[in-house]
Structures are given as C-alpha cells and as structure tokens.
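What follows is calculated from the coordinates using simple rules that are stated; it is not laboratory data. Every value quoted in this text rests on a predicted model; they were computed, and no experiment measured them. Here the Cβ is made from the backbone with ideal geometry for all residues, glycine too, and neighbour counts use every protein chain on show.
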Amino acid sequence: MVSKFVQPCGDVTTQLNFYSAPTDGQKPFDYVDSPPPGQPQRNYSDDPNEVVIRDIRGRENDFTLDRDAFQILQSLGPFPRIQITEEAIKEIYYPEIEKLLLSTVPGSHQVIIFDHTYRKADPAAHRTPVQKAHIDQTAASVEKRIRMYLPDEADQLLQRRYRLINVWRPLNKMPVESFPLAFASTSSLEDHDFVPVRHHHQDGYIGETASIKYNPGQNWYYLSGMTDSECVLLECFDSESLKADSTIGGRVPHTAFPDPRTRPGAVPRESIEVRTLVFGP
C-alpha cells in the first residue's frame, strides 16, 4: 500500500550555518561570482549549529516589520504567467512589487527597485538557495545605494525614514517542500550577532552584507508549505533603528535550510527575491 504524502509542517530541528571568522584575523569578504585569480570565494567559514525553527503557519499575522523585521503577505494570486527573463521580470513583475509595497508599508510614498535574484534548488542552476544566515545589506550599504541611484535627492531622503525591503516569493505551483526559507525575528538578536562582510559584485561594485553569529537566544521561524500566492517581506534595514531608544530592529537574518522531512526526489524549490528601497513617511 502506497502511503499518502503529508506536506512537512510544524516545528523542525535542523542545522543552520552561522559565521565563523577568518583564521588569519582579516576582515571578512566574499564574491558573488567567480573571484579574481588567487582569491577565495570567501575568506570566512561556516559554524553549523542545530536550531529549532518554528512554523508560523496559522499565526502569520502575529509578526510585523516594526517588531520582527519580517511580514507574511497572502492571497496575492498566482505568480504571473511569464518566462523568467530579466526583461519580463522588470516589465511585468516590478510594477506589481511597487504597488504591493506602497499599499502594505504604512506611509510609504516612493519605491525604488534595484535588483532581483531567481534561485532554484538544483545543482545546475546559476543561483541556488543560500544556506548561511545572512542579511543582504547593512546601514552603510543602504546609504551607498541611495546615493548611487538617487544622487540629487539623497541628502533630503536620508533625513527621513527609509528602508531596504526584500520581497521573497516561491515560484513553485505546489507547496514548497525542499529548502524552505527561515528567518529570525530581529527582536531576538543582539548587536554583536551581526558581522559586516565586504561583498564584491561581478561588475566591480562593492557592497556590504552581514553574516550572523550563532546565539542560542535567537528565535528562528519559517512558513510551511508556502505557495506562489504568498510572499515574505524581509526588512534588511530601517533608518528608524538608528534613533536613540528605538524599539525597531529593522534587520532580519534569513537562510534556506535543509528540511530532514523532505522526500527524496522532491520538486526543487524555485524562488524570486526582489530588492527595494522604500521611502516614507
């Protein structure tokens, strides 16, 4: 008798990869693509730790950008029926993301979309799920991007509230089973958990990401069985967090993780992550 498949759900214990400092004492760096001759892909290593990741299915509305730096959005409808090409994503999907953020982030009045990444849990894919706890941007790299994309308005925009928010969405037509996304509430992290990493892009641009040190006090979550009608807002930075006595953390570590309950031969997870600057109020 063939047993009926049950979608993995509920809390799960698995290993996540955290930051381990370079052994030679150098500041950490990494390369998005192939490094120059003689350079490693990155000069720091992983510190794997067993973590309980709690399933928030059924209590999605308990989490907010201001307190947790992530938010679940649902009932979006299926992902647009388009080919996953640079042109199609920018022409058709970017406007949807802009509209979504303006209607979701209170007081927002301007959205600049500057990047996106398509990933697939397939060794042959150009971009596979990132299996290390990280944040895509830091305060320094967000300001650098604002000055690069909006040079004439930057000084004025930097005086008001600005955020960098990633919109992460699965593309699978069936619920995600392999390499789901985990995210940690910013309220459960300490400042010393974050490590700035010099981040080299193929085009020569040098940004800064943050790697995450393991801390047993961190609270990690995931949303089981995500579909393409759902997305996660991942707030990498919120300028309100810089104010004295602010209760806003504005930085959410995230990582793909191997779910030990995943069936052999499960459909590889596909996802798209759109990176945005959100201004206001």
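Return the FRET efficiency for the residue pair residue 244, residue 158: r is the Cβ-Cβ distance, R0 is 25 Å, and the value is rounded to the nearest 0.05.
0.90
Based on DSSP H runs of at least 4 residues, each adding -39500 (n - 2.57), what is the mean residue ellipticity at 222 nm of the chain after dividing by all its residues, to the nearest 500 deg cm²/dmol?
Calculated from helices alone, the mean residue ellipticity at 222 nm is -3000 deg cm²/dmol.
Give the separation of the Cα centroids, region 2-48 to region 130-184, in Å.
Distance between centres, Cα-based: 19 Å.
For the peptides 172-178, 230-236, what is the packing order when you average, over each peptide's residues, the other Cβ atoms within 10 Å and list the highest mean first?
In decreasing order of mean packing, 172-178, 230-236 become 230-236, 172-178.
Output needed for region 132-281: three equivalent-ellipsoid semi-axes, defined as square roots of 5 times the C-alpha gyration tensor eigenvalues, in descending order, whole Å.
29, 18, 15
For all pairs of alpha-carbon atoms in region 94-214, what percent lies in each bin of width 10 Å, listed from the first bin to the last filled one?
10, 33, 40, 15, 1
About its Cα centre, what dipole magnitude does region 43-142 give when the only charges are +1 on Lys and Arg Cβ and -1 on Asp and Glu Cβ, stated in debye to the nearest 20?
220
Taking N as the number of residues in region 21-112, what is its Cα Rg relative to 2.2 N^0.38 Å? Before the final figure, lay out the partial values.
Details: Rg = 19.8 Å, N = 92, 2.2 N^0.38 = 12.3 Å.
In units of the globular-protein estimate, region 21-112 measures up at 1.61.
Tally the DSSP beta bridges in the chain and give the antiparallel ones as a percent, rounded to 5.
Of the beta bridges lying entirely in the chain, close to 90 percent run antiparallel.
When the chain is treated as a GNM, springs tying every alpha-carbon pair under 10 Å, which of 63, 257, 194 comes out with the largest mean-square fluctuation?
Highest fluctuation of the listed residues: 63.
P(r) for the chain: what percent of alpha-carbon pairs falls in each 10 Å bin, starting at zero?
6, 28, 37, 23, 5, 1, 0
When only alpha-carbon atoms are used, what values of Rg and Dmax, in angstrom, describe region 66-107?
For region 66-107, the Cα-based Rg and Dmax read 12.6, 36 Å.
Dividing the Cα radius of gyration by the Kirkwood radius, what Rg/Rh value follows for region 1-53?
Ratio value, two decimals: 1.27.
Apply the Karplus parameterisation 6.51 cos²θ - 1.76 cosθ + 1.60, with θ equal to phi minus 60°, to every residue of region 116-124 and state each ³J(HN,Hα) to the nearest whole Hz, in sequence, with x for glycine and proline.
Once rounded to whole Hz, the list reads 8, 9, 9, 10, 9, 7, 9, x, 7.
Set the bar at 18 Å for Cα to Cα. Now go through 27/213; 213/243; 144/213 and name every pair that lies beyond it.
Pairs exceeding the cut-off: 213/243; 144/213.
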